[in-house]
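The structure appears right after this line, and notes come after that.
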There are 2 protein chains.
Amino acid sequence: MKPEPSPESGPIRSVDRELLLAMRSGELFGIGELTEELSVTATAVRQRIERLLARGLIDREKVVAGRGRPTYRYRITEQGKRITAADSTELAEAMWQELLSIEDPELRNRMLRSVATRLGREYAAQLDENAPLEERMRVLSRLLKSRRVVSDVISAGELPVLDINACPYPTLADGSQDHSMCRLEEQVLSEALGKPVQLSQCRLDGDSCCQFSPAVNSSTANSPGDGTTAEVD
Amino acid sequence: MKPEPSPESGPIRSVDRELLLAMRSGELFGIGELTEELSVTATAVRQRIERLLARGLIDREKVVAGRGRPTYRYRITEQGKRITAADSTELAEAMWQELLSIEDPELRNRMLRSVATRLGREYAAQLDENAPLEERMRVLSRLLKSRRVVSDVISAGELPVLDINACPYPTLADGSQDHSMCRLEEQVLSEALGKPVQLSQCRLDGDSCCQFSPAVNSSTANSPGDGTTAEVD
């Protein structure tokens with residue numbers, strides 16, 4: 001059984017973010033140090049600590065110090081570091097443009113496929129591989145939501161379909177008829193679900209949304225000679 | 001004279017984000033369509049429109065329709081698309097790992113330098129190249145802040161120093177002693193300022209913060225044989 005994504009997924013309060021920023025070095029902090037650093041009361045620090053613990057943005061370590069109630073020291077988690085990280089939109093755009101500008105098509109496709117595999121495996125690790133496809137799609141849809149990707153699972157006919165209402169990375173995919181981002185998503189979702197899916201409708205082609213369906217026959221389902229879509233290595 | 005970064009840089013309200021999401025297709029929308037789409041009053045839509053216009057997240061087009069007051073139709077801007085985009089942290093991480101895993105050091109360094117140039121030029125375009133270095137650093141520091149990179153400009157001795165308090169991309173740079181991200185930042189800042197800067201203090205080396213100083217002599221200032229730092233092509 002894999003845990004469900006945390007229900008605490010709303011925007012983080014600015015005071016909580018301030019506390020996280022103070023802990024960004026990755027060291028262990030006691031309540032006293034944080035109280036001093038932020039110039040607020042210990043009660044206020046404790047409230048923020050509780051909320052951040054509940055979200056998994058920090059964790060704690062028990063301090064063994066004689067008798068009495070145990071005390072704790074707190075440390076930012078990887079997830080906490082991500083939340084306090086700089087906005088990586090421009091960095092992602094620059095790297096994406098760089099990858100697309102690789103002239104050798106074989107090298108370019110290999111690198112893009114490898115990026116998709118890295119992303120897809122992160123999702124796959126959070127899905128129950130023994131669950132039916134539709135259930136895996138629903139869990140994936142919730143995971144995508146926590147990354148601000150809005151999607152729905154539609155039971156159309158025999159096979160479920162993942163419907164992505166708006167392009168997750170519009171500044172990467174827009175302004176051109178280039179389908180590289182669509183192919184990347186196809187590979188990410190295939191890797192995540194452990195089953196090839198294909199882009200059956202696409203906004204870039206004038207459809208009203210982007211839909212990913214299980215590949216009926218993955219060797220013929222895609223444009224010939226492309227060789228980069230809906231394959232799961 | 002270049003415009004200063006907008007003072008409207010706080011978090012966007014959730015109702016405004018909802019309106020932006022409704023406009024994500026990039027088409028022109030009238031107030032009526034948006035009212036219907038969101039099931040709120042025209043007054044509410046107009047208030048959100050005003051705030052989004054002020055932030056440059058949407059723009060408008062006058063509709064010529066006979067006599068009377070002109071009406072407008074609204075469209076999401078590139079900046080607005082970025083704000084509604086999916087969180088690109090994981091995508092950036094996957095591409096970064098992919099770039100670092102390129103075996104050929106020449107190709108790897110060339111691609112990383114090219115990514116830095118792309119990023120640096122975006123900043124450079126927003127700086128006044130005729131202003132003194134310290135002033136350019138201060139404007140750059142404000143631009144960085146809008147991307148959640150916290151920095152200070154310190155006038156230490158004759159030359160100003162840019163002090164980055166916490167690693168902007170901790171999940172990319174942490175967990176290793178790899179300085180690739182430090183070098184990327186060095187190149188980005190050099191390109192942005194139009195003057196080579198070098199990493200004079202680094203948290204990865206045990207310093208208390210990361211400081212970038214103007215390169216005193218860019219041909220000897222860096223580790224020999226590296227050839228990728230503080231160069232501006």
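With an a/c value of 1.5 or above and a/b larger than b/c for the gyration tensor axes a ≥ b ≥ c computed over the alpha-carbon atoms, region A:89-214 is described as prolate.
Work through the residues other than A:R73 whose Cβ is under 12 Å from its Cβ and net out their charges, Lys, Arg +1 and Asp, Glu -1. Net charge in that neighbourhood comes out at -1. Taking the Cα centre of region A:89-214 as origin and assigning +1 to Lys and Arg Cβ atoms and -1 to Asp and Glu Cβ atoms, the resulting dipole is close to 360 debye. A full extension of the chain between B:V15 and B:S101 corresponds to an added length of 26.8 nm, given 0.36 nm per residue minus the alpha carbon distance.
For the pair B:E78 and A:V64, a Förster radius of 41 Å applied to the C-beta separation gives a FRET efficiency near 0.15, rounded to the nearest 0.05.
Calculated FRET efficiency, A:E33 to B:C209, Cβ-Cβ distance, R0 = 22 Å: about 0.80 to the nearest 0.05.
Taking all protein chains together, B:E50, A:E191 sort by accessible area into B:E50, A:E191, largest first [probe 1.4 Å]. Here is how far apart the B:V15 label points are across copies: 2.4 nm, shortest first, using a point 7 Å from Cα toward Cβ.
Taken across both chains, chains A and B shield about 4400 Å² of accessible surface from a 1.4 Å probe.
Among the lysines of chain B, pairs that are 8 or more positions apart or on different chains and have alpha carbons within less than 22 Å of each other number 5. Taking B:V149, B:V63, B:V45 in turn, the Gaussian network model of chain B (Cα-Cα springs below 10 Å) assigns the largest fluctuation to B:V63. Here the contact order of chain B, divided by its residue count and restricted to Cα pairs under 8 Å and six or more residues apart, works out to 14 percent. Exposure check, 1.4 Å probe, all protein chains in place: A:R46 carries approximately 130 Å² of accessible surface. Answer rounded, prolate or oblate for the protein assembly as shown, using the Cα gyration tensor with square roots of eigenvalues a ≥ b ≥ c: rounded when a/c is under 1.5, else prolate when a/b is larger than b/c, else oblate. Taking the square roots of the gyration eigenvalues as a ≥ b ≥ c, the protein assembly as shown is rounded. Tell me the angle of helix B:105-124 to the major Cα principal axis of chain B, expressed in degrees between 0 and 90 and rounded to the nearest ten. So the helix axis and the longest Cα principal axis differ by about 50 degrees. Ranked from shortest, the separations from the 7 Å Cα-to-Cβ label point of A:P70 to its equivalents in the other copies are 6.8 nm. Neighbours of B:R118 by Cβ distance under 12 Å: Lys/Arg scored +1, Asp/Glu scored -1, total -3.
Structure remark: mean-square fluctuation, Gaussian network model of chain A, C-alpha springs under 10 Å; the largest value among A:S39, A:S190, A:S180 belongs to A:S39. Each peptide among A:87-95, A:30-38, B:117-125 gets the average number of other Cβ atoms lying within 10 Å of its residues, and from highest to lowest they stand as A:87-95, B:117-125, A:30-38. With the whole protein complex present, A:S14 retains an accessible surface near 90 Å², based on a 1.4 Å probe. Dipole of region B:129-208 computed with +1 at Lys/Arg Cβ and -1 at Asp/Glu Cβ about the Cα centre; of B:S146, B:L184, B:G157, farthest Cα towards the positive end is B:S146.
With every protein chain present, what is the per residue accessible area of region A:14-84 (1.4 Å probe, Å²)?
Averaged over the residues of region A:14-84, the accessible area is 59 Å².
Accessible surface of A:F29, taken over heavy atoms with a 1.4 Å probe and every protein chain present, rounds to 30 Å².
Per residue, region B:103-214 exposes 46 Å² of accessible surface when a 1.4 Å probe is rolled over the protein heavy atoms with every protein chain present.
Just counting partner chain Cβ atoms within 10 Å, what average do the residues of peptide B:96-102 show around their Cβ?
Whole-number average of other-chain Cβ neighbours for B:96-102 is 4.
Roughly speaking, to the nearest percent, how much of region B:124-209's 1.4 Å accessible area is carbon and sulfur? Of all accessible area on region B:124-209, carbon and sulfur atoms account for 45 percent. For peptide A:75-83, the mean count of partner chain Cβ atoms within 10 Å of a residue's Cβ comes to 3.
The values are calculated or read from the model by the stated rules, or taken from the named source; none is laboratory data. Predicted model, so just to flag it, every value in this text is computed and none were measured. Backbone-built Cβ (ideal geometry, glycine too); neighbour counts: all protein chains shown. Just so you know, the surface numbers come from the protein's heavy atoms only, side chains and all, with ligands and any DNA or RNA stripped out. Shrake-Rupley method; radii C 1.70, N 1.55, O 1.52, S 1.80 Å.
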